[in-house]
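To start, the structure itself, in structure tokens.
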Amino acid sequence: MKRQTSLLLVLAACIAMILQGCGGAATRSSRSTGPASTEPSSSAATGTQPQSAAPPTPPFVQESFVNRRTINYVSSDPANNSLLQVPPERVTIYFSKGLAAGSFIEVTTNGRSCATGQVYVAPDTLSMYVPVAAGVTGNYKVKFAAYFSSGYYEEGSFGFSVKIP
């Protein structure tokens, strides 16, 4: 019973600290914009430290991807290691041999899928694409498997980056 009580007290203290930090920025911005006060702040009077602003976001670093090309791979759009300022609406991969059912493309950033629909194979079967939501700055990994009518398949990967100004 003591252990449960202790855990509840620790949990309550954590929640109180989290809730205390939630209104910091809003409270500061809602204060009057009159002349600055020369009186010590209430946090200085009580001996508590003032709340600091959120840590700055780290600068974007473009990742360098290895283009694991396959025998029948021709190209991709976006190209491997391209740095885009406008996010692509889809990722397309072109091949020299016709694709068969089962072919797929997987696009991820930070381990989360960015695909917004199913993979489409072009009517000439020489390319496939998947619509994506790549609207945030980041590095995007692309994995694919191309199946051919002979039963042969190839797996490959590449990547691209998006840096929205």
| field | Any chance Lys97 is surrounded by fewer than 17 Cβ atoms within 10 Å (Cβ to Cβ), of a type in the set (Lys, Arg) and over 13 Å from the mean Cα position of the chain (by Cα) | value | no
| Tyr94: more than 17 Å from Ile71 (Cβ to Cβ), touching a residue at least 12 places away in the same chain (Cβ under 8 Å) and not polar (S, T, N, Q), yes or no? | no
| query | If we keep just the residues of the range 69-116 that are part of a strand (DSSP E or B) and of a type in the set (Asp, Glu), which is farthest from Pro165 (Cα to Cα)? | reply | Glu106
| Where Glu155 falls short, out of the listed (1) buried (at least 16 other Cβ atoms within 10 Å of the Cβ); (2) assigned to a strand (DSSP E or B); (3) of a type outside the set (Val, Ile, Thr) | (1)
| message | Given the options Glu63, Glu106, name the one that is of a type in the set (Asp, Glu) and touching a residue at least 40 places away in the same chain (Cβ under 8 Å). | response | Glu63
| When you look at Gly117, is it farther than 25 Å from Phe60 by Cβ, out of contact with any Asp or Glu (no Cβ under 8 Å at 6 or more places or on another chain) and exposed (fewer than 15 other Cβ atoms within 10 Å of the Cβ), yes or no? | yes
| Tally time: how many residues in the range 117-152 are in a strand (DSSP E or B) and either touching a Phe, Trp or Tyr at 6+ places or on another chain (Cβ under 7 Å) or not aromatic (Phe, Trp, Tyr) (or both)? | 18
| said: I'm told Gln62 meets every condition in (1) surrounded by 17 or more Cβ atoms within 10 Å (Cβ to Cβ); (2) under 20 Å from Ser161 (Cα atoms) except one. Can you identify the failing condition by its number? | reply: (1)
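One line per residue, one yes/no per condition, for (1) touching a residue at least 24 places away in the same chain (Cβ under 8 Å); (2) β-branched (Val, Ile, Thr):
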residue: Pro123; (1), (2): no, no
residue: Ser127; (1), (2): yes, no
residue: Thr137; (1), (2): yes, yes
residue: Lys143; (1), (2): yes, no
residue: Ala146; (1), (2): yes, no
residue: Ser150; (1), (2): no, no
residue: Glu154; (1), (2): yes, no
residue: Gly159; (1), (2): yes, no
residue: Pro165; (1), (2): yes, no
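Since every read-out is calculated from the coordinates, none of them should be taken as a lab result. Bear in mind that the values here come from a model prediction, so they are computed numbers and not experimental data. Here Cβ is always computed from backbone atoms with ideal geometry, including for glycine, and neighbour counts include all displayed protein chains.
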